[in-house]
Amino acid sequence: MEYISIFKHALVISFFVFVMMLLVDFIDLITNKRISDIIKGGKLRQYTLSSFFGSIPGCLGAFMNVSLYVRGIIGFGAVVGGMIATSGDEAFVMLSEFPGTALILFAMLFVCGIIFASISDIIIDILGIRTCSKCPDAECVECALDDKNTFSIKTSIRGILQTGNFSTNFKSLSFTRFLFFVLILSFAVLVASGNLGPSSWDWKRITFIVLSLCTLLIITIVSEHYLHSHIWEHIIKKHILRVFLWSFAALLFVHWGLSYWNIGLLVKQNMWLVLIISALISIIPESGPHLVFVMMFSQGLIPFSVLFTSSFVQDGHGMLPLLSYSVKDAILVKVFNLVFGLSVGAILYIIGF
């Protein structure tokens, strides 16, 4: 029964991550190609907007920042700030597990992103560190639709208001769209009946049901290209499967640790070491390993300072596009974030957070 409970917990987390990633991706789609004009301006605007993009749950904001950096629209400090504010896919998990604390954490990372973006530019100027300039042949590193598909999505949005787009998609219902309908409706029924998620009617259960309905609406109106390329190939295969496996593994690790290894005492006696390890593991450009610290915090095993340090240093998959563009710049960003993250995390731990 315990393993079934862990499985259900991981399933709920994964669904929440899926819905939030879908909403973020869909919103980004319908506002495509308008970001550059907003960002161009002074450094403070760059720092603020890159940190804001980084604060968006998931890796999309980090990818956007790298894309802007490659095009010479933002500078090195803005990338550092954006990566500080980025928490990767773990942000969705934190919103699912402890939403109030998660929002406070995101706000703190956003402010830190602005502050340390400025400090980073000052440091590289003083030390004379050269970073890469604009790449003239750089391709967009974000997953974006071509103009035809973007238009088809916008047409679908207008069509939904005219109630004329439902019949088009249902007449040529693909297996993928049918599968999503079945899975999402099944999840909504299981949540409404109390077999998944909260055991009683509260704001969490209502939120899950509302999100399920929003997801069904998007699945109904989007084109086949978007359904397969963005939702299935990208969100499901590249993110959600990993989120589920890592969530299940992290929950299992915490469960075993509390049951057999007295992990609570072990962590409390070596908290400084845990804080340092959380930062070092966060160097890995991958969403997943950091979930252990998220789950440990949700179980009350580690203080906020350790979670903050892990979130500060790690950036999910956000570093991967930068690594493909400039290994040197990627290493510099990670070194800056590691030093800044350990410093701020240590201060928070010392003062009792």
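The values are calculated or read from the model by the stated rules, or taken from the named source; none is laboratory data. Worth saying up front: this structure is predicted, and the values here are computed from it rather than measured. Ideal geometry is used to build each Cβ from the backbone, glycine not excepted, and the neighbour counts take in all protein chains shown.
Here are the numbers for the structure shown:
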{"quantity": "Scope segment 173-209; condition closer than 22 Å to Gly100 by Cβ, among the hydroxyl-bearing types (Ser, Thr, Tyr) and exposed (fewer than 12 other Cβ atoms within 10 Å of the Cβ); matching residues", "calculated": "Ser199, Ser200"}
{"quantity": "Filter result for Glu142 (at pLDDT below 55, of a type in the set (D, E, K, R), surrounded by 12 or more Cβ atoms within 10 Å (Cβ to Cβ) and more than 22 Å from Leu95 (Cβ to Cβ))", "calculated": "yes"}
{"quantity": "Residues located in segment 331-345, provided they are touching a residue at least 40 places away in the same chain (Cβ under 8 Å) and either touching a helix residue (DSSP H, G or I) at 6+ places or on another chain (Cβ under 6 Å) or more than 14 Å from Ile123 (Cβ to Cβ) (or both)", "calculated": "Val333, Lys334, Phe336, Asn337, Leu338, Phe340, Gly341, Leu342, Val344, Gly345"}
{"quantity": "Those residues of segment 5-57 which are small (Gly, Ala, Ser), modelled with pLDDT under 70 and not in a helix (DSSP H, G or I), in sequence order", "calculated": "Gly41"}
{"quantity": "Any chance Ser212 is under 22 Å from the mean Cα position of the chain (by Cα), buried (at least 19 other Cβ atoms within 10 Å of the Cβ), on the phi < 0 side of the Ramachandran plot and not hydrophobic (A, V, I, L, M, F, W, C)", "calculated": "yes"}
{"quantity": "Condition met for Leu217 (at pLDDT 75 or above and over 21 Å from the mean Cα position of the chain (by Cα))", "calculated": "yes"}
{"quantity": "Hits in segment 220-274 (condition: small (Gly, Ala, Ser), within 15 Å of Phe293 (Cα to Cα) and modelled with pLDDT of 70 or more)", "calculated": "Ala249"}
{"quantity": "So Glu90, is it charged (D, E, K, R) and at pLDDT 75 or above", "calculated": "yes"}
{"quantity": "Segment 77-133, subset charged (D, E, K, R) and in a loop (DSSP other than H, G, I, E, B), residue nearest to His290 (Cα to Cα)", "calculated": "Asp89"}
{"quantity": "Subset of segment 71-93 (residues that are touching a helix residue (DSSP H, G or I) at 6+ places or on another chain (Cβ under 7 Å) and surrounded by fewer than 24 Cβ atoms within 10 Å (Cβ to Cβ))", "calculated": "Ile73, Gly75, Phe76"}
{"quantity": "Residue match in segment 315-331 (condition: hydrophobic (A, V, I, L, M, F, W, C), under 15 Å from Ser87 (Cα atoms), surrounded by fewer than 19 Cβ atoms within 10 Å (Cβ to Cβ) and modelled with pLDDT of 80 or more)", "calculated": "no"}
